[in-house]
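Written out below as structure tokens is the structure these notes cover.
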2 protein chains.
Amino acid sequence: MRDNYYFIEKLRSLGLRPTKQRVRICKVLFDRNDTFHFTIYELANLLKLKSKEKISLATLYNTVHAFKKKGYLKEISINSDKSYFDTNISDHHHFFNESTNELIDLTDKDFDNIKLKKSLPGKKIKSLEILVKVANNN
Amino acid sequence: MRDNYYFIEKLRSLGLRPTKQRVRICKVLFDRNDTFHFTIYELANLLKLKSKEKISLATLYNTVHAFKKKGYLKEISINSDKSYFDTNISDHHHFFNESTNELIDLTDKDFDNIKLKKSLPGKKIKSLEILVKVANNN
DNA sequence: ACACTACTTTAGAATCATTATAAATTATAA
DNA sequence: TTATAATTTATAATGATTCTAAAGTAGTGT
């Protein structure tokens, strides 16, 4: 649905050079209807499926971190051996299914009124993340 | 404030054999007034200060995981290269200071009404954790 | 088109937290 | 005291991530 040109412009607008590796990564991550939760490993596999031209692991790490730094991706707080990223950069929260290691989005609307009443002097709030861990019944 | 006997009984009540390593670890973790947030590395350093008798790293990992499994410790959901644990096993939440990697407790009372309105069929909720990331002003 | 510079990609090595292994030790119950 | 199962331990292995330094590429100005 989105062509290379769209992502080239998008990358430029973020202040990132639109290399062919980055455009290919963008297409895998952002050329889709739903939000996408992924690990670097999963991203690497998707890229392999899409094309035979290899992108090095180092580039995947570099790119994902560059996107995160520019606010084009979010990292999700989970204590896991791997890092999880999310293409949905809006304020929202997650279910984490411990049986399958799957993430599911939650919105503010799924909660009544999250209002933090405490603040810390001399510190500014960067984010408020809620993680609801679930497991399959059985 | 708590003697070895207290922890020996505590360990037995959890179904864990009260070895001298476990008792020493308990004293470092639980013989204190405030709740304690730590990484394995920090725990290792505290133990070194308390006594010259070495406890192997493998034992620290084994013990902390055994305690977590028995509900005597909690693991905190942070995307970090290290795992963070908490001696406060009650339902509560955290500030995480990204400038210093410090954790600070938050209680339910620090929030209005956290009520999750969504559920997932076939899955049971294991925990609901809120992580508020902060950074030093400057 | 050309050259220059800074940015980017890359393979491979290095790092570091964590887990696995397998042998020695220890707690507990009979 | 003895048998057994649990525990500790040093060490190796694993695996995600970061580092390094050389080769390649995009953007700017000429």
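A few comments on the model shown:
- B:Tyr72, sole failed condition from (1) more than 10 Å from DNA strand C (Cβ to nearest atom); (2) out of contact with any strand residue (DSSP E or B) (no Cβ under 6 Å at 6 or more places or on another chain); (3) modelled with pLDDT under 95: (3)
- Positions within the range B:94-138 being among the polar types (S, T, N, Q) and over 16 Å from A:Pro121 (Cα atoms), in sequence order: B:Asn101, B:Thr107, B:Asn113, B:Ser119, B:Ser127
- Residues of the range B:65-96 satisfying the condition of being aliphatic (A, V, I, L, M) and closer than 30 Å to B:Phe111 by Cα: B:Leu73, B:Ile76, B:Ile78, B:Ile89
- Counted residues, the range A:1-35 - those being under 16 Å from A:Thr63 (Cα atoms) and either away from DNA strand C (no atom under 16 Å from the Cβ) or small (Gly, Ala, Ser) (or both): 2
- Of all residue pairs spaced 6 or more apart or on separate chains, those with beta-carbon atoms under 9 Å, a first member in the range A:13-37 that is within 14 Å of another protein chain (Cβ to nearest Cβ) and a second member that is within 16 Å of DNA strand D (Cβ to nearest atom) are A:His37/A:Ile76; A:His37/A:Tyr84; A:His37/A:Phe85; A:His37/A:Asp86; A:His37/A:Leu103.
- Per-region count, the range B:74-93, residues touching a residue at least 40 places away in the same chain (Cβ under 8 Å) and either surrounded by fewer than 15 Cβ atoms within 10 Å (Cβ to Cβ) or within 13 Å of chain A (Cβ to nearest Cβ) (or both): 8
- Test: residue in the range A:45-62 that is at negative phi, within 16 Å of DNA strand C (Cβ to nearest atom) and buried (at least 18 other Cβ atoms within 10 Å of the Cβ): yes
- Close pairs from the range A:56-70: first assigned by TED's automatic domain parsing to the domain that holds A:Cys26, partner more than 8 Å from DNA strand C (Cβ to nearest atom) and aromatic (Phe, Trp, Tyr), Cβ under 8 Å, at least 6 apart: A:Val64/A:Phe85; A:Lys68/A:Phe85
- Selection count, the range A:97-138, where residues are more than 8 Å from chain B (Cβ to nearest Cβ), in a strand (DSSP E or B) and either surrounded by 13 or more Cβ atoms within 10 Å (Cβ to Cβ) or over 20 Å from the mean Cα position of the chain (by Cα) (or both): 2
The values are calculated or read from the model by the stated rules, or taken from the named source; none is laboratory data. Computed from a prediction, not measured in an experiment: that's the story for all the values here. We place every Cβ from the backbone using ideal geometry, glycine too, and count neighbours over all the protein chains shown.
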